[in-house]
Amino acid sequence: MDLLEMNAVQAVHGSTSQPNQPPLKLMVIGARKVGKTALIKKFVDGEFPVSNPTTKEERCRKSITLENQKYTLEITDTGSGDTWEDQTIKEAHGFLLVYDLCKKSTFEKIAELHDKIHKADAEAAVFVVGNKLDRSDEREVSTEDGSKEAERLGCKFGEATGKTNVEWVFLTVVKLVVQRAIKRRELSSSSRDMGVTSEGGADSWFETLALCLGIDSIVKQ
Ligand SMILES: Nc1nc2c(ncn2[C@@H]2O[C@H](COP(=O)(O)OP(=O)(O)OP(=O)(O)O)[C@@H](O)[C@H]2O)c(=O)[nH]1
Ligand SMILES: [Mg+2]
């Protein structure tokens, strides 16, 4: 039994906090100046930043509790979106794909950025966010267009602003990751029923998360 499995077993037996549980990795992606860093800083530090230099690539951590389960989030703040390492995308579990609803060109970049994510992981958990909602009187992208595009890309959609509470934005993407883990767990359990097994690898984290959430009992229903 490896460390991940031990953590999972502890979790199933009633503990809600696993000190050695690996972080849930989120990436915030979008065109330049859409407000990626402001969203992250508001969430992590509780304040909308006065000014932000253009980001190269930065990481920060924050712990959250969702449905009695504690998660450590590792959030990667990216720059313009053209310089990510493929490996960073492959390692991420969930994505915030952000555009500025006052700037149509940033919305038009969403499909291209989604394509990059999709190439790295076809089933990635992606939350499309139209940002700067506080300036909606200057909007160039309607809620309907944002929603339709997200639906076309197979993503969940919302509008936000870093000027108010953004915890719901990050909790939404964590929920998407959990839902995806449940789906994977169901698929892998039906594969096992057919005699197919997977050894460790990229799925082991999802397996652990699924176990942590007691998903085995859901699968057996
Ligand atoms: N009105 C308003 N302005 C915002 C909001 N979010 C960010 N801004 C402003 O938009 C500008 C860019 O914000 P950043 O958070 O640096 O954007 P970014 O996407 O991280 O930018 P890069 O790292 O350069 O790609 C700054 O002047 C912010 O103050 C928002 O929700 N509402
Ligand atoms: Mg930035």
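Among the residues of the range 32-58, those that are closer than 13 Å to Gly79 by Cα and of a type in the set (Ser, Thr, Tyr) comprise Thr37, Thr54, Thr55. Scan the range 76-95 and give yes if some residue there is more than 16 Å from ligand 2 (Cβ to nearest atom), at pLDDT 90 or above and of a type in the set (D, E, K, R), otherwise no. Within the range 76-95, none of the residues are more than 16 Å from ligand 2 (Cβ to nearest atom), at pLDDT 90 or above and of a type in the set (D, E, K, R). Could we say that Val178 is among the aliphatic types (A, V, I, L, M), within 19 Å of Leu26 (Cβ to Cβ) and buried (at least 20 other Cβ atoms within 10 Å of the Cβ) here? Yes: the conditions hold for Val178. From the list Arg185, Arg192, the lone residue that is buried (at least 21 other Cβ atoms within 10 Å of the Cβ), more than 16 Å from ligand 1 (Cβ to nearest atom), in a helix (DSSP H, G or I) and modelled with pLDDT under 95 is Arg185. Residues in the range 48-57 that are part of a loop (DSSP other than H, G, I, E, B) and under 21 Å from the mean Cα position of the chain (by Cα) were compared, and the one that is nearest to ligand 1 (Cβ to nearest atom) is Thr55.
Would you confirm whether any residue within the range 134-155 is away from ligand 1 (no atom under 11 Å from the Cβ), assigned by TED's automatic domain parsing to the domain that holds Ile40, of a type in the set (A, V, I, L, M, F, W, C) and part of a strand (DSSP E or B)? Among the residues of the range 134-155, not one is away from ligand 1 (no atom under 11 Å from the Cβ), assigned by TED's automatic domain parsing to the domain that holds Ile40, of a type in the set (A, V, I, L, M, F, W, C) and part of a strand (DSSP E or B), which makes the answer no. Note on the range 114-133: residues that are of a type in the set (Gly, Ala, Ser), more than 14 Å from ligand 1 (Cβ to nearest atom) and in a strand (DSSP E or B) amount to 1.
The values are calculated or read from the model by the stated rules, or taken from the named source; none is laboratory data. Every value quoted in this text rests on a predicted model; they were computed, and no experiment measured them. All Cβ positions, even for glycine, are placed from backbone atoms using ideal geometry, and neighbour counts span all protein chains on display.
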